[in-house]
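Colleague: Questions regarding the structure given below will be posed in turn.
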Amino acid sequence: MLTEINFDGIIGPTHNYAGLSRGNIASASHAGDVSQPRAAALQGIEKMRHNLALGLPQGFFVPLDRPDAPWLAQLGTSPEAAEGHLRAQAWSASSMWAANAATVSPAPDCADGKCHLTVANLVTMPHRSHEWPGTLAQLRLAFAHPAFAVHAPIPAPFGDEGAANHMRLCSGHDGAGVEIFVYGVGGGRFPARQHLDASKAVARNHRLDPARTLFIRQSDTAIQGGAFHNDVVAVANEHVLFTHETAFEDREAAHAEIRAAFPAVEIVEVPASAVSLPDAIRSYLFNAQLVSLPEGGMALVLPTEARETPAVWSWLEEMIVGNGPIRRLLPVDVRQSMANGGGPACLRLRVVADPATVDPRFIADEEKLDRIAQVVAAHWPEAIAPADLASTALMADVRKARAALLDALDLAELG
Ligand code: SUG
């Protein structure tokens with residue numbers, strides 16, 4: 001039975017604030033802060049527990065090996081000798097944002113009846129451009145069953161940011177859907193990370209039906225306002241598209257195209273007059289997980305920042321008393337990730353699959369989350385200041401921490 005499984009990236013022991021992502025306002029404004037990797041990872045684990053308790057299937061990915069010494073070696077240096085900016089790029093825990101791990105096309109959408117995954121190349125940001133080999137190794141392990149086809153990245157220079165720029169509309173997760181690829185066009189102050197050629201290549205490789213595949217341009221206003229990924233201004237689940245008025249370059253044409261391809265769509269649009277683009281970005285209202293509850297109806301799993309932004313919360317409260325498809329608001333605390341621009345939806349990758357076909361080592365239950373939390377409590381650093389990235393003692397500690405986690409999850413082969 002095909003069902004949606006959310007795979008969350010476990011927040012790694014090197015989580016830090018290096019201000020590496022141009023165009024990501026939270027990352028830039030927290031540059032140089034002292035991070036709390038242990039608290040960050042525990043927040044992520046609590047979010048997984050929260051969603052499990054709703055009755056939603058939950059999986060996870062493990063953090064990548066950081067600092068990435070082989071990558072620095074390709075650049076002719078090492079964690080000890082690297083210049084500051086390269087060292088920070090090598091230490092980044094950015095694989096926590098699993099929405100950027102891959103683009104996933106569920107089996108009912110693909111001509112060969114397999115679920116296709118293409119690992120994202122993330123070439124626009126240097127610190128993210130070296131994630132894909134570690135992520136690919138993990139995807140190949142988790143989804144080794146013949147029900148899946150796992151693809152290597154789209155070649156540079158065509159930037160591909162994975163599921164963060166991809167949405168799917170369907171009547172039920174296990175039925176055929178319409179896949180929407182949202183791309184950006186560069187040239188502004190902030191980079192457009194998702195290239196149209198990359199989106200089209202993914203769609204071809206996934207063997208999608210052109211009649212059920214849309215390519216829609218993200219608005220420059222949104223990108224230049226700080227929406228570096230489409231999932232900062234729009235999210236879809238089943239027949240519902242929840243979006244800000246400014247999400248798409250040509251709003252009317254985009255909505256018309258979506259309605260033509262999927263007539264049952266319900267577009268829940270937040271007007272800029274009610275919630276400004278800066279408020280939407282500050283609160284990460286749209287970086288919610290829009291989920292179908294087992295008892296029926298949909299819920300938004302939101303960052304607590306949404307509750308703290310008055311215009312956002314009053315709009316949401318009004319929506320909830322109306323008769324719309326979104327019935328519940330569920331705030332979760334992922335502040336440590338939010339300070340780097342990663343909300344609840346950034347931390348997860350949605351895969352529609354029969355859970356029996358996924359390597360069980362990547363599937364979460366309460367007991368396994370307890371086990372992960374114990375390793376985090378025992379081994380994750382409490383705090384990392386920017387200058388700590390030069391410490392060889394810290395480097396040894398974070399390596400030990402990751403090894404302890406892999407050991408606890410019987411995943412030492414990813415070591
Ligand atoms: O790529 N932040 C990530 C946040 C990713 C959010 N993901 C989605 N929207 N799906 C990024 O900008 C900041 C790292 C730093 O500055 O240290 C960072 O990489």
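The values are calculated or read from the model by the stated rules, or taken from the named source; none is laboratory data. Computed from a predicted model, the values in this text were never measured in an experiment. For neighbour counting, all protein chains shown are included, and Cβ atoms are generated from backbone atoms with ideal geometry for every residue, glycine included. Quick note on the areas: whole protein, heavy atoms, side chains included, nothing else; ligands and nucleic acids left out. Shrake-Rupley method; radii C 1.70, N 1.55, O 1.52, S 1.80 Å.
Colleague: Residues of region 59-92 being in contact with a Ser or Thr (Cβ under 6 Å, 6 or more places away or on another chain), more than 27 Å from residue 148 (Cα to Cα) and within 16 Å of the ligand (Cβ to nearest atom), which ones?
Modeller: 66, 91
Colleague: Can I ask one more? May I ask you to list the residues in region 210-233 that are crowded, with 24+ Cβ neighbours inside 10 Å and within 11 Å of the ligand (Cβ to nearest atom)?
Modeller: 227, 228, 229, 230, 231, 232, 233
Colleague: If you don't mind, another one. Note down all Cβ pairs under 9 Å where the first residue falls in region 142-163 and is at positive phi, the second is part of a strand (DSSP E or B) and surrounded by 14 or more Cβ atoms within 10 Å (Cβ to Cβ), and they're at least six residues apart or on different chains.
Modeller: 162/102; 162/103; 162/104; 162/118; 162/119; 162/349
Colleague: Let me ask you something else. What tally of residues in region 3-30 results from selecting those that are open to solvent by less than 50 Å² (accessible area, probe 1.4 Å), aliphatic (A, V, I, L, M) and either within 27 Å of residue 225 (Cα to Cα) or part of a loop (DSSP other than H, G, I, E, B) (or both)?
Modeller: 5
Colleague: Please state which of the following conditions residue 301 fails to meet, knowing it meets all the rest: (1) over 24 Å from residue 173 (Cβ atoms); (2) open to solvent by less than 20 Å² (accessible area, probe 1.4 Å).
Modeller: Checking residue 301 against (1) over 24 Å from residue 173 (Cβ atoms); (2) open to solvent by less than 20 Å² (accessible area, probe 1.4 Å), the one that fails is (1).
Colleague: Taking region 190-209, which residues are assigned to a loop (DSSP other than H, G, I, E, B), touching a residue at least 40 places away in the same chain (Cβ under 8 Å) and open to solvent by 20 Å² or more (accessible area, probe 1.4 Å)?
Modeller: 190, 191, 207, 209
Colleague: Considering only region 67-101, how many residues are open to solvent by 20 Å² or more (accessible area, probe 1.4 Å) and either assigned to a helix (DSSP H, G or I) or within 16 Å of residue 337 (Cβ to Cβ) (or both)?
Modeller: Number of matching residues: 12.
Colleague: I need the helices (runs of 4 or more DSSP H) fully contained in region 313-415, keeping only those with at least 3 residues that are among the basic types (Lys, Arg).
Modeller: Hits in region 313-415: 392-408.
Colleague: Please specify each residue of region 296-320 satisfying the condition of being touching a residue at least 24 places away in the same chain (Cβ under 8 Å) and not aliphatic (A, V, I, L, M).
Modeller: Hits for region 296-320 are 297, 303, 304, 305, 307, 308, 309, 315.
Colleague: Looking at region 111-127, which of the residues that are away from the ligand (no atom under 16 Å from the Cβ) and open to solvent by 10 Å² or more (accessible area, probe 1.4 Å) is nearest to residue 144 (Cα to Cα)?
Modeller: Among them, the one singled out is 114.
Colleague: Being more than 25 Å from residue 163 (Cβ to Cβ) and either within 12 Å of the ligand (Cβ to nearest atom) or within 18 Å of the chain's Cα centre (by Cα) (or both) is the filter here, so list the residues in region 1-34 that pass it.
Modeller: Matches in region 1-34: 29, 31, 32, 33.
Colleague: Still on this structure, I have one more. Kindly provide the set of residues from region 1-47 that are β-branched (Val, Ile, Thr) and within 30 Å of residue 293 (Cα to Cα), ordered by number.
Modeller: 3, 5, 10, 11, 45
Colleague: A follow-up question, please. So, in region 46-66, of the ones that are in a helix (DSSP H, G or I) and of a type in the set (Lys, Arg), which residue ends up farthest from the chain's Cα centre (by Cα)?
Modeller: Among residues in region 46-66 that are in a helix (DSSP H, G or I) and of a type in the set (Lys, Arg), the one farthest from the chain's Cα centre (by Cα) is 49.
Colleague: Please enumerate the residues belonging to region 363-376 that are surrounded by fewer than 21 Cβ atoms within 10 Å (Cβ to Cβ) and within 12 Å of residue 57 (Cα to Cα).
Modeller: Listed by number, the residues that qualify are 363, 365, 366.
Colleague: For region 339-357: of the residues being surrounded by fewer than 24 Cβ atoms within 10 Å (Cβ to Cβ) and within 12 Å of the ligand (Cβ to nearest atom), which is farthest from residue 59 (Cα to Cα)?
Modeller: The qualifying residue farthest from residue 59 (Cα to Cα) is 339.
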